[in-house]
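Below: one structure, written as structure tokens.
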Amino acid sequence: MQLIGFSCLPQKGILGEISDEDILQSVHFITPQGIEYHRGEAITKALRLVIHPYFVFILDLPFFRGFREIGYSLFASQRSNISRIINFLFNRG
């Protein structure tokens with residue numbers, strides 16, 4: 001897995017279907033074959049690479065997809081607050 005910041009993408013064409021505002025507020029997972037996943041689905045695809053796939057399969061079940069996206073939206077809307085909390089907790093130096 002390789003993490004690439006949005007500003008490092010070679011062109012916007014990779015995420016052409018998404019508005020600039022949504023691009024800045026969303027997580028994107030792009031496979032080597034060029035398949036794009038966004039928001040909560042991108043998170044579950046990445047988690048499958050980091051931890052055992054069976055631990056996150058429930059988030060892809062139809063009933064739980066809505067909860068996954070709601071959770072993602074709540075987390076995304078609080079990114080600046082979460083960033084400040086993490087910075088405070090881990091960068092006390």
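Which ones in the range 38-62 are surrounded by 17 or more Cβ atoms within 10 Å (Cβ to Cβ) and not in a helix (DSSP H, G or I)?
Across the range 38-62, the qualifying residues are 38, 56.
Condition first: modelled with pLDDT of 80 or more and among the aliphatic types (A, V, I, L, M). Can you find one or more residues in the range 61-73 that meet it?
yes
Quick one: is residue 65 in contact with an Asp or Glu (Cβ under 9 Å, 6 or more places away or on another chain) and surrounded by 10 or more Cβ atoms within 10 Å (Cβ to Cβ)?
Numbers: in contact with an Asp or Glu (Cβ under 9 Å, 6 or more places away or on another chain): yes; surrounded by 10 or more Cβ atoms within 10 Å (Cβ to Cβ): yes.
Here the answer is yes, as residue 65 does meet what is asked.
Do we have residue 23 as surrounded by 10 or more Cβ atoms within 10 Å (Cβ to Cβ), in a loop (DSSP other than H, G, I, E, B) and at pLDDT below 70 here? Please lay out each step first, then the result.
Working: surrounded by 10 or more Cβ atoms within 10 Å (Cβ to Cβ): yes; in a loop (DSSP other than H, G, I, E, B): no; at pLDDT below 70: yes.
So residue 23 does not fit the description; no.
The values are calculated or read from the model by the stated rules, or taken from the named source; none is laboratory data. The structure presented is a predicted model; accordingly, all values stated were derived computationally and were not measured. Counting neighbours? That spans all protein chains shown, and the Cβs are built from the backbone with ideal geometry, glycine included.
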